[in-house]
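Here's the structure, in structure tokens; my notes come after.
Nothing in this text is a laboratory measurement; each read-out follows from the coordinates by a stated rule. Fair warning: this is a prediction, and the values are worked out from it, not measured in the lab. A quick note on method: Cβ atoms are made from the backbone with ideal geometry, for glycine too, and the neighbour counts reach across all protein chains shown.
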Amino acid sequence: MKNVYQKLFKFRQLTGKVVKGANNPFFKTKYSDLNSVIEATDPALEEVGLLWIDRIEGYLLIWEIIDIESGQVIRGEVPLVLIKQDMQQLGSAITYARRYARMTACGLQAVDDDGSVASGTVFATPKQIREINELILATKSDAIKFLQYFHVDAVKNLSKDAAIQAIKTLQLKAEKDKTDGSN
């Protein structure tokens, strides 16, 4: 099982936070809907070679994270709890179970989006996160100082704009290191 857990660790480094972009008018709250959870996870899962599958068996949601290379699987079950026996309740239970299972299994954090939607904040993409992590290593930069400079606790928490700035800065440092090393 070592391989699938290593890939899951890489996935967690690539994945940003899930935005609470959907409104619940009944409770006057925001939440991360299933689509935003899928959009936040699928690209990074695919990038590290993992596949998410969920299906219904009886009154259980069965979910699996599959390592495409090794075939190793992490699996879990979520009971579908229904108050009434009707299709509306079943559909809601399936949607809730799929959303909560994925967020829990993937170790995702949901962020309150009130401020970020108003400011237009979009988190760094998996590709940007990977590039920044590679550049930090290549330039032998101090990761802690780097994160402090951008006022974040992890590269995945950079805004997309900050990620662009970080990449440019690190690329300049890499170029400077090359020219200094060739003299």
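Here are the numbers for the structure shown:
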| read-out | value |
| --- | --- |
| Proximal charge balance of Ile94 [Cβ under 15 Å; K/R count +1, D/E count -1] | 0 |
| Exposure proxy ranking, count of Cβ atoms within 10 Å, fewest first, for Lys2, Lys173 | Lys2, Lys173 |
| Ranked by how many other beta carbons lie within 10 Å on average, peptides 88-94, 38-44, 54-60 from highest | 38-44, 88-94, 54-60 |
| Nearest-20 debye value, the stretch 126-182 charge dipole, Cβ charges on Lys, Arg, Asp, Glu | 100 |
| Residue-wise HN-Hα coupling along the stretch 72-89, computed from phi with Karplus coefficients 6.51, -1.76, 1.60 (Hz; x: Gly, Pro) | 5, 9, 9, 10, x, 10, 10, x, 8, 9, 10, 7, 10, 8, 9, 5, 4, 5 |
